[in-house]
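The values are calculated or read from the model by the stated rules, or taken from the named source; none is laboratory data. What you see is a predicted model; the values in this text were computed from it and never measured. Heads up, the Cβs are rebuilt from the backbone with ideal geometry, glycines too, and the neighbour counts pull from every protein chain shown. The area values use the complete protein model at the heavy-atom level, side chains included, leaving out ligands, DNA and RNA. Shrake-Rupley method; radii C 1.70, N 1.55, O 1.52, S 1.80 Å.
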Amino acid sequence: MEMTTPGWMLRAGALALVPMMAISLKAEDEEKSLDPVLQVGGQLWKTNIDVFHKHFAQHGFRWLSANKSALRSVDEELEMFGEPVGETIVRSKNGIINSVDISVFNRGDRRGISHTEYDEAIEKWRDYITTATDTRPESASDTKDSAVKGLKRRLWYTADSSILLESSWSRNGAEFIRVRLAPKPKGAFYLGNTTGRVRKQVFRGDLRRNVVKSQEGDVRIKGIPMVDQGPKGYCAVASAERVFRYYGLSTDQHEMAQLANSSAGGGTSPQMMYEALKKASNGVQLRVFDVMSYDYKEFQDWIEAYNRAARKQSGPLAPDLRRVLYVDQIYDAIDPEIYLQVKANRGNYFEGFQDDVLENIDDGIPLLWGVYLGLYPEKDIPQARGGHMRLIIGYNRKDGELIYTDSWGAGHESKRMPMDQAFAMTSGLYTVKPAR
């Protein structure tokens, strides 16, 4: 199949700028190389992301969300300079490509590497980029305002583009190595607003403009970027990335994972995530709030209240909290409907939860929502049970529903459930807000 459009010509894996010519794409002849993305130069920043998708779909690029503002590929055959690469994300603004992020290595998706392998990979990619651009890297060592420790940067400027090679090593070992491309900035504007850096101050009053209302009663926040955590246990850090991007920080889940000490299999503890959010907010006029969380004593109170109700209804009892190793043993034992009754009717806790949701959504502030999956039915989710974090992005007071989103890419942008079920499965609620 052959498609044409003005601007580029693509042959045998190499993209060359040919004025007034066309892209000639023969997918059967293509290697899954990202070299053309660098070779095309400044023309990339004039290209509609739809055009990129048509010609690079065979490279595994899929829409990150329904609004088609970003593409993501995790194709195992994807490569650049003949080297295998991982997750690659192409983002756009107003339909035109404005950044490309290429993961060379990250500990969430790949086995660990030694310090020698890490150093060799950095030097190898430095040489690749220097040769490809025929440009020497500039000093880019100023990372003192980044929350991520151990971050190293090398920066190249071509006639139209900026290329940033970033790497980080922590006490956990190699964290990530990545290549980031963007249009060449004007003046001294620095490529890569990484975690801990923001260029445009966000004010709380401005966020209310992002709140939209429907005739059916939906009140929701628009403009929250999608992130796909993939199969790894990065739900918390992926959700945090989405909130930070909503506020204008170009962070990513791998930086947040380093801050929160997340593991790909074990995920992130609520306390570690809370501390990571505070670290990442330093110096960027954002504040982190623990809206709702349960310590051991509070959770024990809820379970005791459940057992009292279960005895009256001849329902199954929860085991003694002191005799279990994992919280799953509690949730596996209880009757979800009895637990729902207890959660919805004990004191004014449920009303407080609703008030917190409505107040923040009305102000344009999404909530980081810790939950336990499996208590109540949800369709088409890749995780059946266990702890999870997602974002609350809206509500419908008339229908008594909460509107939320999961960080699993396209198809998970906007979902809903009864508000009382949402409260019953809640394990924590956090917000990140502009300081003023």
Could you please give the count of residues in region 329-359 that are open to solvent by 60 Å² or more (accessible area, probe 1.4 Å) and part of a helix (DSSP H, G or I)?
-> 9
Could you check how many residues of region 283-324 are open to solvent by less than 20 Å² (accessible area, probe 1.4 Å), at pLDDT below 90 and assigned to a loop (DSSP other than H, G, I, E, B)?
-> 1
Look at region 115-135 and say how many of its residues are outside any helix (DSSP H, G or I) and either crowded, with 18+ Cβ neighbours inside 10 Å or at pLDDT 95 or above (or both).
-> 0
Reported set for region 397-436 where residues are surrounded by 21 or more Cβ atoms within 10 Å (Cβ to Cβ) and among the charged types (D, E, K, R) is 406
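Can you name the residue in region 216-268 that is assigned to a loop (DSSP other than H, G, I, E, B) and on the phi > 0 side of the Ramachandran plot and is also modelled with the lowest pLDDT among such residues? Full working, then the answer.
First, the residues of region 216-268 that are assigned to a loop (DSSP other than H, G, I, E, B): 216-217, 222-227, 229-234, 247-252, 261-262, 264-266, 268.
Then drop every residue that is not on the phi > 0 side of the Ramachandran plot, which leaves 217, 223, 230, 248, 261.
Working: 217: 97, 223: 91, 230: 75, 248: 80, 261: 61.
By that ranking, first place goes to 261.
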Does any residue of region 203-215 turn out to be surrounded by fewer than 19 Cβ atoms within 10 Å (Cβ to Cβ), under 30 Å from residue 415 (Cβ atoms), modelled with pLDDT under 90 and acidic (Asp, Glu)?
-> yes
If we scan region 181-201, do we find a residue that is surrounded by 12 or more Cβ atoms within 10 Å (Cβ to Cβ), touching a Lys or Arg at 6+ places or on another chain (Cβ under 9 Å) and modelled with pLDDT of 90 or more?
-> no
Can you list the strands (runs of 3 or more DSSP E) found entirely within region 360-436 that contain at least 2 residues being free of Cβ contacts under 8 Å to residues at least 12 places away in the same chain and touching a Ser or Thr at 6+ places or on another chain (Cβ under 9 Å)?
-> none
